[in-house]
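The values are calculated or read from the model by the stated rules, or taken from the named source; none is laboratory data. All figures in this text were calculated on a predicted structure; none of them were measured in a lab. Ideal geometry is used to build each Cβ from the backbone, glycine not excepted, and the neighbour counts take in all protein chains shown. The protein model used for the area step is the full one, side chains on, heavy atoms only, and it has no ligands, DNA or RNA in it. Shrake-Rupley method; radii C 1.70, N 1.55, O 1.52, S 1.80 Å.
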Amino acid sequence: MLVIRTIADLRERIAVARAQQLRVGFVPTMGALHAGHVSLVTRASIECDMTVVSVFVNPKQFDNAADLSAYPRTESSDAALLQQAGVDILFVPTTNEMYPNGFTTTIDVGPITLPLEGATRGAHHFHGVATVVLKLLNIVQPDAVYFGQKDAQQLLVIRQLVRDLNVPVEIIACDTVRDADGLAISSRNVRLTMAARAQALGLSSALFHMREMVMHGERQPEAVVRGGRNVLAAFGIAESAIDYLAVVNPHTLLPLSEFKSSVLMAVAAHIDGVRLIDNIIVQLAAKAVA
Ligand code: AMP
């Protein structure tokens, strides 16, 4: 595995792969890698001839400086994990390489950025995500890019961006990887104490309970959200700690007044100072996927 730190070096390497008509797969990450990231990387290396992973903690998508500085940075263990997973190139740019003096562009993808994460973290968050992802796609120019369903709104934002700006890349969405007890794996989980981790299980438990309610015929969105809130409360998660618990249209993220073919159930909450998100998509006619 090659570790590359500059855009110029990366372009040079990828040009060689292109000349050989290799299919290039790309997995953008912020590091502190775990089994969720590995699932994306593994899929990319199965489906592509060359796999590129970026590790860049993007300052533009953080809404508060404390969260940015507390974000775990584990470059050497990340590199070992990626090497083991068969990655060809690890791209680790500095902040200055990505945002040199004089950088001013911001990508605003529009309405899909506004609810849920946008409403609680501010428009700034998805501006930062869209800007860095478009930059990375322009730098790597992959055939396929892999994203986790764990960040459901981010995936929709990227789909909109790629569609609107005719970015020539195939977007591959990968299922959320969970610990055996259901907790969605996240780089932030390492910051949870044992007690906080037990409480964090309330998020997936609430979503699974909401899915059960729908599977058993509940068709009132408010009743389903109430059911989920009761589960969060049972895990000791206070109302004030919940950023949102919502059932929305999985394509538009708009609130549902009635259930139709599928529904996205999404939650964000602060557990002992750590902000966690999770979601599931429930297909009403068929089985649920997470
Ligand atoms: P991050 O490093 O948090 O920016 O995540 C990089 C990519 O990994 C994003 O596409 C995430 O959606 C994805 N990802 C993070 N956690 C998981 C997970 N538990 N399961 C699947 N994909 C994930």
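Laid out as a table, the results:
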quantity: Filter result for Met210 (more than 27 Å from Thr29 (Cα to Cα), open to solvent by 30 Å² or more (accessible area, probe 1.4 Å) and touching a residue at least 24 places away in the same chain (Cβ under 8 Å)); calculated: no
quantity: Residue list for region 1-35, restricted to those being loosely packed, with under 15 Cβ neighbours inside 10 Å and within 16 Å of the ligand (Cβ to nearest atom); calculated: Ala35
quantity: Looking only at region 76-86, and only at residues there that are free of Cβ contacts under 8 Å to residues at least 60 places away in the same chain, of a type outside the set (Gly, Ala, Ser) and surrounded by 14 or more Cβ atoms within 10 Å (Cβ to Cβ), the one that is nearest to Leu10 (Cα to Cα); calculated: Asp78
quantity: Selection from region 141-155 of residues that are surrounded by 20 or more Cβ atoms within 10 Å (Cβ to Cβ) and more than 11 Å from the ligand (Cβ to nearest atom); calculated: Pro142
quantity: Residues within region 258-272 that are open to solvent by 30 Å² or more (accessible area, probe 1.4 Å) and either in contact with a Pro (Cβ under 7 Å, 6 or more places away or on another chain) or modelled with pLDDT of 95 or more (or both), tallied; calculated: 2
quantity: Failed criterion for Gln199 (all others in (1) within 23 Å of Ala119 (Cβ to Cβ); (2) among the polar types (S, T, N, Q); (3) surrounded by 13 or more Cβ atoms within 10 Å (Cβ to Cβ) hold); calculated: (1)
quantity: Test set (1) open to solvent by less than 60 Å² (accessible area, probe 1.4 Å); (2) at pLDDT 95 or above; (3) within 11 Å of the ligand (Cβ to nearest atom) - Ser187 fails condition number; calculated: (2)
quantity: Lone unmet requirement of (1) buried (at least 19 other Cβ atoms within 10 Å of the Cβ); (2) in a strand (DSSP E or B) for Ile281; calculated: (1)
quantity: Matching residues, region 51-74, being charged (D, E, K, R), at pLDDT below 95 and open to solvent by 40 Å² or more (accessible area, probe 1.4 Å); calculated: Asp63, Arg73
quantity: Matching residues in region 36-50 - criterion: being open to solvent by 10 Å² or more (accessible area, probe 1.4 Å), small (Gly, Ala, Ser) and more than 7 Å from the ligand (Cβ to nearest atom); calculated: Ser45
quantity: Members of region 228-250 that are open to solvent by 50 Å² or more (accessible area, probe 1.4 Å), under 16 Å from Glu212 (Cα atoms) and not basic (Lys, Arg); calculated: Asn230
quantity: Breaking point among (1) outside any helix (DSSP H, G or I); (2) more than 25 Å from Gln154 (Cβ to Cβ); (3) open to solvent by less than 60 Å² (accessible area, probe 1.4 Å); (4) modelled with pLDDT of 95 or more, for Ala223; calculated: (1)
quantity: Residue match in region 162-178 (condition: assigned to a helix (DSSP H, G or I), modelled with pLDDT of 95 or more and either under 22 Å from Phe91 (Cα atoms) or within 14 Å of the ligand (Cβ to nearest atom) (or both)); calculated: yes
quantity: Complete set of residues in region 87-116 that are among the hydroxyl-bearing types (Ser, Thr, Tyr), free of Cβ contacts under 8 Å to residues at least 60 places away in the same chain and surrounded by fewer than 16 Cβ atoms within 10 Å (Cβ to Cβ); calculated: Thr95, Thr104, Thr105, Thr106
quantity: Region 121-140, subset open to solvent by less than 10 Å² (accessible area, probe 1.4 Å) and small (Gly, Ala, Ser), residue nearest to Glu47 (Cα to Cα); calculated: Ala130
quantity: Failed item in (1) within 13 Å of the ligand (Cβ to nearest atom); (2) without any contact (Cβ under 8 Å) to a residue 60 or more places away in the chain; (3) among the hydrophobic types (A, V, I, L, M, F, W, C), with Val129 passing the rest; calculated: (2)
quantity: Among the candidates Ser54, Ser69, residue that is closer than 28 Å to Gly118 by Cβ, hydroxyl-bearing (Ser, Thr, Tyr) and in a strand (DSSP E or B); calculated: Ser54
quantity: Single unsatisfied condition, Ile89 versus (1) within 16 Å of the ligand (Cβ to nearest atom); (2) within 29 Å of Arg11 (Cα to Cα); calculated: (1)
